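> One structure, pasted below without further comment.
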Amino acid sequence: MNKTVFNARHYQLGARMVEFAGYEMPLEYFGINAEHLAVRESAGLFDVSHMGEIWVKGPNARKLLNHVCSNDPGTLTIGKAQYTCFPNGKGGIVDDLIVHQFDEEKYMLVVNASNIQKDWNWLNSQNQFGAVLENASPRISQLALQGPNALNILRKLTTHNLDNLKYFTFATGEVAGIKNVIIAATGYTGSGGFELYLDDPEPLRLWDGIMEVGRDYDLKPVGLAARDTLRLEMGYCLYGNDINDETSPIEAGLGWITKFNPDRSFIDRDLLLEQKNKGTSRKLVGFEMTERGIPRQHYKLFNIEGVEIGEVTSGTMSPSLKTGIGMAYVQSAYAAQGTEIKVGIRDKMVAAKVVKMPFYKAGL
């Protein structure tokens, strides 16, 4: 297995380590619920160095991105980031990702760990524009500092004016004595914070600096398990669960990152526009258990008459809400909010209802 540069720190903190996307990663340190609530109430630090970073450069960089991305890179400006996906030419999704614009000829794509090689191959196969591509994933380390106290912690480690960093913007500055750290006001938790990228020979200084300052703010290290419950409470899609090569962005509720501007053409544009106008046979919805039960991926969903109507893609017991929640593809006739459904949990049919996402709202 590959190891991130912070691997030794995870062992020192007593993390339970597992294999994920070819890397040895911390699943949890001292309990999923406690780590989850630390992010919601104070702050958490995640090692996400397994994620991929791909540079797209040159005079035709934006032409390539305009071709492969569902969202419109033409709306980006220097210092802004954008959530998007790669349509796969068959109505499905190669991957979802974040694009960061550094200048008119320089972009950084942050892609899912399990899809780095797949995305790299896809970009190269579509690069008839002559854009310069560089897979920097092996070099770049990434930490996610998330939670309401993330700003207070990071302020003590950098002289950069963080107040100017609005949601989905980024800057480059010195953090914990390390120069040229990319500070992005992005994240996968719904509790605010930053994602920090560095290409430095001594990256442990960043982890240690954050943890030291964080002692005054009840900062906790957080593993992959709580990362998953946090994103699920927000209704954020996870590639491989809620979206994949067989799911379209329209049926996945990602129409908001699929821009059909008259002056741009992109992979699957016509197919996805037809889905938007005519509708799809199934939709990704959020649901909440109304009877006691914990939904899990691949559990079947039924209507109140007991007819199968869909399947769970992600599910858990929400640490914040103390109830079972999940995401699922259902037949479109059952996608309306408030629709009563049943979840097949082992040999029982357990009641639930379709609800609006996100499940968690700040202030709860």
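> So which residues in the range 8-38 are closer than 15 Å to M211 by Cβ and crowded, with 19+ Cβ neighbours inside 10 Å, if there are any at all?
Within the range 8-38, H10, A15, P26, Y29, E35, A38 meet the criteria.
> Continuing with the same structure: When you scan the range 102-122, how many residues do you find that are over 25 Å from M1 (Cβ atoms) and surrounded by 22 or more Cβ atoms within 10 Å (Cβ to Cβ)?
2
> Turning to a different aspect of this structure: Pull out all pairs, ordered by first then second residue, where Cβ-Cβ is under 8 Å, the residues are six or more apart or on different chains, the first lies in the range 165-183 and is acidic (D, E), and the second is part of a strand (DSSP E or B).
Within 8 Å, the pairs are E174/N180; E174/V181.
> Filter the range 173-190 down to the residues that are closer than 14 Å to V48 by Cα and of a type outside the set (A, V, I, L, M), then identify the one that is nearest to the chain's Cα centre (by Cα).
So the residue we want is Y188.
> Could you go through the range 198-216 and let me know if any residue there is out of contact with any Phe, Trp or Tyr (no Cβ under 9 Å at 6 or more places or on another chain), under 27 Å from A136 (Cβ atoms) and assigned to a strand (DSSP E or B).
yes
FYI, it's all coordinate maths here, none of it is from the lab. The model shown is predicted, which means the values in this text are computed figures rather than measured ones. Every residue, glycine as well, gets a Cβ built from its backbone with ideal geometry; the counts of neighbours run over all protein chains shown.
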